[in-house]
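Let me begin by presenting the structure, written as structure tokens, before commenting on it.
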Amino acid sequence: MDDLTSRPVPDALAPPDERTSLRERWSGWIGGGWIFALLILLVLVFSLLRPAQFASPYNLSMLAINAAIFLVLSLGQTFVIVAGGIDLSVGSVLVFSSILSAQVMLALSGAPADTYGTTNAGWGVILIGAVTALASGAAWGAVNGLLVTFARIPPLIVTLGTLGMALGAAQILTNGLDVRALPDLLVNVIGGGSIAHIPVLVLIAVIAAVLAAILLHLTRFGLRTFAVGSNTEASRRAGIPVRGQIIKVYALSGLSAGLGAIMSTARFSTTTIGGHAMDNLTVISAVVLGGTSLFGGIGSIAGTVVGVLIPIVLLNGFVILGIPPFWQTVTMGAVLILAVWIDQLKRRARDRG
Amino acid sequence: MSNSPLLQAKGIRRRFGHVQALDGADFTVHAGEICALIGDNGAGKSTLVKILSGSDQPNEGEILLDGQRVTFSSPTAAQAQGIATVYQDLALAPELPPSENLFLGREILRPGLLGRLGFVDRAAMRREAALQFARLGVRLRSAKIPVAALSGGQKQSVAIARAARWASKVVFLDEPTAALGVVQTQRVLDLIRQVRDQGLGVVLISHNMSHVLEVADRVEVLRLGRRVAQMSARDATVERLVAAMTGGVSQPEPAHG
């Protein structure tokens, strides 16, 4: 081994110059870059056209709050899609987790079950409610993962099934009615409060995004998520416990739905049984828009952040400009198709060498 | 070439239903040699390789590694004893760079607390990978691009370099030159010699007689589940090999003990 270090290292293996490496790193992090440029462009255009309304601190913080819950859901979804799966159940899991945690908090608060409004439950009760939501989300995710790995049912079907089951179970728990009594502290301090002018919901989403980015891009768990999504069989032969990895990834997506559940009840001061039917499509679009490949093995948290922000900025800008908001739906569909098309072109170009 | 065999199979029998895939097959490979395992389709090559690399278990017969009797219950068990296999599908993760493929499932973690938290050390993996590639004379366009962007020969080289990195004893190569062009084939054959020169036993499974004659030190021929010939590559010609494979001429089996 000693004489090997003295051998000349081939040019191609010498450290590449910093410029290339920085560019490669950027393109890896923001999923090709063009989608990031699109977001900057949208923000610039709207800011220039309607500086007073669009760029106002109030509007920007509303934008961020609107993005916060979707961002949290999209973080878990990014892991699932990078691992080559898909999770359609996130919206229903969010609803189930919020119902369960709201019921737990209501029961613990000592208020009568038909309370309408807020309860005066303390932080201890809120903490128990939060843990309930996170645990219930993670449990649904683990069920998804177990069915995908051990029953070998395609993830599209498994999560379509649990989408129905989680929503139905939530309705069974409450007879189809929303729980409308939540701790006052949760609603006002977390849902409506801010720290240093930054809404608490946004802070939670930002912290979650930073943690998710560290987990995906810097740890062995993240690297193995990419490996499993890139080539499951190769990962298995290399000794990676593939099933465990996939189960953990789905549990993570469920966990993020559980966190979204707390944020949602805190923000709206009620559970929202009917309000999350489209969450899965919004979230999957955002993740794919952010450069994560539906075929697995490619993706980034930074891209997902951009992918979440684009539809929200677009809708907000259209409303401010007086363009009928229906155009946002049309535009988003087109942008999504464009994003996947560009991903395919890049992939084909690369595979040709 | 040392005299005592590194890996030896004796009287391996394997039956699938009514098909006797291996009918008392023998096989030997020494450290620091390239041994080609050839045979017509259905001769039992794949079955023998699967058994010797832990993917399948024999009904009868014994396997000796360094003279010790061993059983491989799984590919992982064989790997743990220093035997690696490169199948034709290569088992690479196309979206990951060569270094991360080299360390797939055996990632290098950061030192200290970060490592215990599961943080990977990509720089160390790249350094180690560059050393391994340099040691084996593998030249890649870039150490950072995903494996999917490499040529077929370079992908093959990454897979072989990975096997050589983790095998301490024997590397099985299943048709490593099957889909490659002329230049790429030469590079892969050079790489196979480099792996041998590291002191490993290399078993080359190939249909291509000219590649076999070019690179192998020794050739063993399987026919109908038995070893029907073994010869030094110097003595071998395409005609002799084909004759042995097809049963035109059978060379008497030397007694083994």
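The values are calculated or read from the model by the stated rules, or taken from the named source; none is laboratory data. Everything numeric here is computed off the predicted structure, so don't read it as measured data. Virtual Cβ from ideal backbone geometry, glycine too; neighbours counted across all protein chains shown. Note: areas computed on protein heavy atoms with side chains; ligands, DNA, RNA excluded. Shrake-Rupley method; radii C 1.70, N 1.55, O 1.52, S 1.80 Å.
Remarks
- Among residues that are surrounded by 18 or more Cβ atoms within 10 Å (Cβ to Cβ), at pLDDT below 95 and under 19 Å from the mean Cα position of the chain (by Cα), A:Val313 is included.
- A:Val189 being part of a helix (DSSP H, G or I), surrounded by 19 or more Cβ atoms within 10 Å (Cβ to Cβ) and more than 12 Å from chain B (Cβ to nearest Cβ): no
- Of all residues in region B:141-154, those that are more than 8 Å from every other protein chain (Cβ to nearest Cβ) have Cβ atoms under 6 Å from Cβ atoms of residues that are part of a loop (DSSP other than H, G, I, E, B), 6 or more apart or on another chain, in B:Val147/B:Leu92; B:Val147/B:Pro94; B:Gly152/B:Ala179; B:Gly152/B:Leu180; B:Gly153/B:Leu180; B:Gln154/B:Leu140.
- Test: residue in region A:298-306 that is away from chain B (no Cβ under 14 Å), touching a helix residue (DSSP H, G or I) at 6+ places or on another chain (Cβ under 9 Å), in a helix (DSSP H, G or I) and open to solvent by 50 Å² or more (accessible area, probe 1.4 Å): no
- For region B:4-23, a tally of residues being within 19 Å of B:Glu220 (Cα to Cα) and among the polar types (S, T, N, Q) returns 2.
- The C-beta contact set for region A:84-102 (first residue touching a residue at least 60 places away in the same chain (Cβ under 8 Å), second residue charged (D, E, K, R), distance under 7 angstrom, 6+ apart or interchain) comprises A:Val90/A:Asp279; A:Gly91/A:Asp279; A:Leu94/A:Asp279.
- Scanning region A:265-273 finds no residues that are open to solvent by less than 10 Å² (accessible area, probe 1.4 Å), of a type outside the set (Gly, Ala, Ser) and within 30 Å of A:Trp34 (Cα to Cα).
- Those strands (runs of 3 or more DSSP E) of region B:64-181 in which 1 or more residues are at negative phi and buried (at least 21 other Cβ atoms within 10 Å of the Cβ) occupy B:83-86, B:170-174.
- Residues satisfying the stated conditions in region A:217-242, i.e. more than 8 Å from chain B (Cβ to nearest Cβ) and open to solvent by 50 Å² or more (accessible area, probe 1.4 Å): A:Thr232, A:Arg236, A:Pro241
- Every condition in (1) surrounded by fewer than 22 Cβ atoms within 10 Å (Cβ to Cβ); (2) under 30 Å from A:Thr115 (Cα atoms); (3) among the polar types (S, T, N, Q) holds for A:Gln344 except the one numbered (2).
- Qualifying residue in region A:110-120 (condition: surrounded by 23 or more Cβ atoms within 10 Å (Cβ to Cβ) and not polar (S, T, N, Q)): no
- Qualifying residue in region A:62-73 (condition: open to solvent by 30 Å² or more (accessible area, probe 1.4 Å) and more than 17 Å from the chain's Cα centre (by Cα)): yes
- Among the residues examined, A:Asp178 qualifies as in contact with a helix residue (DSSP H, G or I) (Cβ under 6 Å, 6 or more places away or on another chain), of a type in the set (Asp, Glu) and more than 16 Å from A:Ala257 (Cβ to Cβ).
- Going through (1) more than 30 Å from A:Asp351 (Cβ to Cβ); (2) open to solvent by 20 Å² or more (accessible area, probe 1.4 Å); (3) within 14 Å of chain A (Cβ to nearest Cβ) one by one, B:Ser55 falls short only on (1).
- Only one of the numbered conditions (1) closer than 19 Å to B:Leu37 by Cβ; (2) at pLDDT below 90 is not met by B:Pro176, and that is (2).
- From the list A:Ala251, A:Ala277, the one residue that fits, being closer than 19 Å to A:Val93 by Cα, part of a loop (DSSP other than H, G, I, E, B), more than 14 Å from every other protein chain (Cβ to nearest Cβ) and aliphatic (A, V, I, L, M), is A:Ala277.
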